[in-house]
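Heads up, the thing below is written out as structure tokens.
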Amino acid sequence: AFLYQDDARVRLVGDKIWAVGTDSVEFSFVSQPNDLLSYGISVDAIIMGLPADHDRTVGLEVVSAKTTAPDNLYSVPATVVVPAGQNHGTFTVTLKKDDILASKAVRLYIQTVETEDFKVGVNEENHISFIWSNMIKKPSFWASIEEHFGSYSNTKYRFMLDCMIAYGNGSTDLDPANNNWSDLHNYKTVFVRELKAYNASHPGAALTDENGVLVSFPE
């Protein structure tokens, strides 16, 4: 059997829910409740080699030259402990929401640094990057759901997502590939109900989109 005999090293692997590759995690606050101001994503520091009989420390650093996010939009620990007998240690990277994310995405690039316990891992996996935003954009599948929801606007789509977060099962997926006609019709029923409630509670200020058009759904 193959036995790893090189220096003890470590690699970084993102949560598979958000990771789109071996070294990149993409996240959007659009799919989260409006009042959510930060979101923590777990990262595993996985050792290359055998577990040890004592705790070991992995060093982490933010690479400023490859990071576009301001310091106040994230938090990253300086170290993570790989417990005795374990082959990995887990740490949390906290991504924060800010007004600038409505118009652009930002990036955070983290890499391992050498400690007394670990050398830096292979180049392909000695780092991990996070890209996040709060940008609303028209889904590529909108033409396929337009019969249910009418013409697109950012304001309308944000309203729809908020309704799904508040009253749905936690999903914000409207892709017709994952929803049948009945599902989409049921969503529209909720949107119409909630739009009427919103407009009734805002007399003289009915929901209007970014183009000055009243938000509505097909009858």
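The values are calculated or read from the model by the stated rules, or taken from the named source; none is laboratory data. Since the model is a prediction, treat every value here as computed from it, not as a measurement. Counting neighbours? That spans all protein chains shown, and the Cβs are built from the backbone with ideal geometry, glycine included. Note: accessible area is taken over every heavy atom of the protein model, side chains too, but ligands, DNA and RNA are not part of it. Shrake-Rupley method; radii C 1.70, N 1.55, O 1.52, S 1.80 Å.
Roughly how many percent of the accessible protein surface of the chain is carbon and sulfur, given a 1.4 Å probe and a whole-percent answer?
49 percent
How large is ³J(HN,Hα), in whole Hz, for each residue of the range 47-64 in order, when computed from phi with the Karplus curve 6.51 cos²θ - 1.76 cosθ + 1.60 and θ = phi - 60°, using x for Gly and Pro?
Karplus-based 3J(HN,Hα) across the range 47-64 equals 7, 10, x, 8, x, 10, 8, 8, 5, 10, 10, 9, x, 10, 8, 8, 8, 5 Hz.
Could you pull out every residue, at least 5 positions away or on a different chain, whose amide H is within less than 5 Å of the one on His88? Hs are placed 1.01 Å off N in the peptide plane, and Pro or chain starts have none.
For His88, whose amide H was placed from the backbone, the distant partners under 5 Å are Ile47.
Using Cα centres only, tell me the gap between the range 22-41 and the range 133-207 in whole Å.
Using only Cα atoms to place each centre, the spacing works out to 20 Å.
With everything on Cα atoms, drop me the angle between helix 181-201 and the longest principal axis of the chain, reported from 0 to 90° to the nearest 10.
That works out to roughly 70 degrees.
Taking each pair of distinct Cα atoms in the chain once, what is the resulting Kirkwood hydrodynamic radius in Å? Let's see the in-between values first.
Details: mean 1/r = 0.0496 Å⁻¹.
Radius from the Kirkwood sum: 20.2 Å.
Would you kindly derive the ³J(HN,Hα) couplings of the range 96-110 from the backbone phi angles with the Karplus curve 6.51 cos²θ - 1.76 cosθ + 1.60 (θ = phi - 60°), listing them in order in whole Hz, with x for Gly and Pro?
Those phi angles translate into 10, 8, 8, 4, 5, 6, 6, 10, 7, 9, 10, 10, 10, 10, 10 Hz.
With an 8 Å cut-off on Cα pairs and a minimum separation of 6 or more residues, tell me the relative contact order of the chain in percent. Before the final figure, lay out the partial values.
Details: 400 pairs, mean separation 47.1, N = 219.
Taking the mean separation of contacting Cα pairs over the length of the chain, I get 22 percent.
Just grab the label-to-label distance for Val76 and Ser42, each label 7 Å out from Cα along the Cβ direction, in nm (one decimal).
2.0 nm
Just add up the charged neighbours of His88: K/R +1, D/E -1, any other residue whose Cβ is under 12 Å from the Cβ of His88.
Values: positive: Arg11, Arg56; negative: Asp44.
With Lys, Arg at +1 and Asp, Glu at -1, the net is +1.
I'd like to know which of Ser38, Thr208, Ala8 lies farthest towards the positive end of the charge dipole of the chain, counting +1 on Cβ of Lys and Arg and -1 on Cβ of Asp and Glu.
Thr208
If the cut-off is a Cα-Cα distance under 14 Å, which aspartates and glutamates reach Lys96, setting aside same-chain residues fewer than 8 apart in sequence?
Glu26, Asp35, Asp71
Run the dipole for the chain about the Cα centre, Lys and Arg Cβ at +1, Asp and Glu Cβ at -1, nothing else charged, and hand back the magnitude in debye, nearest 20. Intermediate values should be presented prior to the final figure.
On the way: 17 positive and 28 negative charges, 120 e Å.
Here the chain has a charge dipole of around 580 debye.
Which net charge results when you count Lys and Arg as +1 and Asp and Glu as -1 among the other residues whose beta-carbon is under 15 Å from that of Ile100? Mind showing how you got there, number by number?
Values: positive: Lys96, Lys97, Lys104, Arg107; negative: Asp71, Asp98, Asp99.
Residues near Ile100 contribute +1 overall.
Given the pairs Lys104/Lys188; Lys66/Lys119; Lys104/Lys137; Lys156/Lys188, which span a C-alpha to C-alpha distance of over 18 angstrom in this model?
With Cα atoms farther than 18 Å apart: Lys104/Lys188; Lys66/Lys119.
Let's see if you can work this out: charge +1 on each Lys and Arg Cβ, -1 on each Asp and Glu Cβ, no other charges. What is the dipole magnitude of the range 134-219 about its Cα centre, in debye to the nearest 20?
Numbers: 7 positive and 10 negative charges, 36 e Å.
So the magnitude is around 180 debye.
Report the gain in length on full extension from Glu146 to Ser64: 0.36 nm times residue separation, minus Cα-Cα distance, nm rounded to one decimal.
Working: separation 82, 0.36 × 82 = 29.52 nm, distance 4.29 nm.
Taking 0.36 nm per residue and subtracting the Cα distance, the gain is 25.2 nm.
May I ask you to compute the full-extension gain from Leu214 to Asp53, defined as 0.36 nm times their residue separation minus their alpha-carbon distance, rounded to one decimal in nm? Could you put the intermediate results ahead of the total?
Working: separation 161, 0.36 × 161 = 57.96 nm, distance 6.54 nm.
Gain on extension, Leu214 to Asp53, equals 51.4 nm.
Rg/Rh for the range 35-132 to two decimals, with Rh computed the Kirkwood way over all alpha-carbon pairs.
On the way: Rg = 14.8 Å, Rh = 14.4 Å.
Result: Rg/Rh = 1.02.
In whole Hz, what ³J(HN,Hα) sequence does the range 211-219 give by Karplus (6.51, -1.76, 1.60; θ = phi - 60°), x for Gly and Pro?
9, x, 9, 4, 6, 8, 10, x, 6
What are the extents of the Cα atoms of the range 96-185 along their three principal axes, in Å, largest first?
Taking the Cα atoms of the range 96-185, the three principal extents are 60, 29, 24 Å.
If I stretch the segment between Arg193 and Ala177 completely, what's the gain in nm (0.36 nm per residue apart, minus their alpha carbon distance), one decimal?
Contour length minus Cα-Cα distance gives 3.3 nm.
Counting pairs of alpha carbon atoms under 8 Å apart in space and at least six apart in sequence, what relative contact order in percent does the range 34-128 give? Each step should come with its number before you reach the end.
On the way: 169 pairs, mean separation 35.5, N = 95.
37 percent.
Could you tally the net charge around Val62, taking each other residue with its Cβ under 12 Å from the Cβ of Val62, Lys/Arg +1 and Asp/Glu -1?
Summing Lys and Arg as +1 and Asp and Glu as -1 gives 0.
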